[in-house]
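Worksheet for the structure shown next.
We did not get these values from a lab; they are worked out from the coordinates using the rules stated. Since this is a predicted model, take the numbers as computed values, not measurements. Note that we place each Cβ from the backbone using ideal geometry, even for glycine, and neighbour counts take in every protein chain shown.
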Amino acid sequence: MRRGLLSVLAVAAITACWAPGAEAEALYRGRGPGIRVEFRVADGAIWFARVRTTLKCMRGGRHLRQRFGDSLGPAQLNGFRFRNAFENSEPGYRAEWLLEGAVHLSEVTGRFWFQRVYDRHSVCQTKNYESVGTRHVGRDSLRFWATRRPVRSRVGR
């Protein structure tokens, strides 16, 4: 009995030391209609979010498409929810994006919205043509879901 109890305690101690490191970092990859995403989550924050999509652009009355692929900085988790927004405005130019969602144990779900305007003569954004302004965030957002993937240890490399 004593040997069995010691074995159980030894396994519990090893698991307690090993498990937090294994669960501290998670990689999520996924997609949605018109979007691909990748997230690295560790220590209660999203360390990076990578987004790839195709923007719909209007230039001189013509409809164009432009590829968008960027890493969108870190975001703190508020419980299991996150919100990462950016806005840059200069005379004749404005760029905004919004990345928000929820991190669960096995998946990340959310939406992404982007818009860039040059003197109202050139507009590039997610999903639709000619929807200028933040009032269209809900309608022009791209929804996504990403599933958890194994993370390879970087120790000893």
Task: Neighbour cut-off at most 16 other Cβ (10 Å), DSSP loop, chymotrypsin sites (Phe, Trp or Tyr not before Pro), segment 31-69 - done: none
Task: Sparse-neighbour loop sites [trypsin sites (Lys or Arg not before Pro); segment 41-73; at most 16 other C-beta within 10 Å; DSSP] - done: none
- [ ] Determine ³J(HN,Hα), in whole Hz, for all residues of segment 31-42 in sequence, where each value follows from phi through the Karplus function 6.51 cos²θ - 1.76 cosθ + 1.60 and θ = phi - 60°; x replaces Gly and Pro.
- [x] 7, x, x, x, 8, 10, 9, 8, 10, 10, 10, 7
Task: Vicinal HN-Hα couplings computed from phi for segment 67-78 (Karplus, 6.51 cos²θ - 1.76 cosθ + 1.60; Hz; Gly/Pro x) - done: 6, 10, x, 7, 8, 9, x, x, 9, 7, 8, 10
TODO: May I ask you to evaluate 6.51 cos²θ - 1.76 cosθ + 1.60, the Karplus curve with θ = phi - 60°, for each residue of segment 95-111 and list the ³J(HN,Hα) values in order in whole Hz, giving x for glycine and proline?
DONE: 9, 9, 8, 9, 10, 8, x, 9, 9, 10, 4, 9, 7, 10, 10, x, 8
TODO: Pull out the extension gain between Glu90 and His104, defined as 0.36 nm times the separation in residues minus the alpha carbon to alpha carbon distance; nm, one decimal.
DONE: 1.3 nm
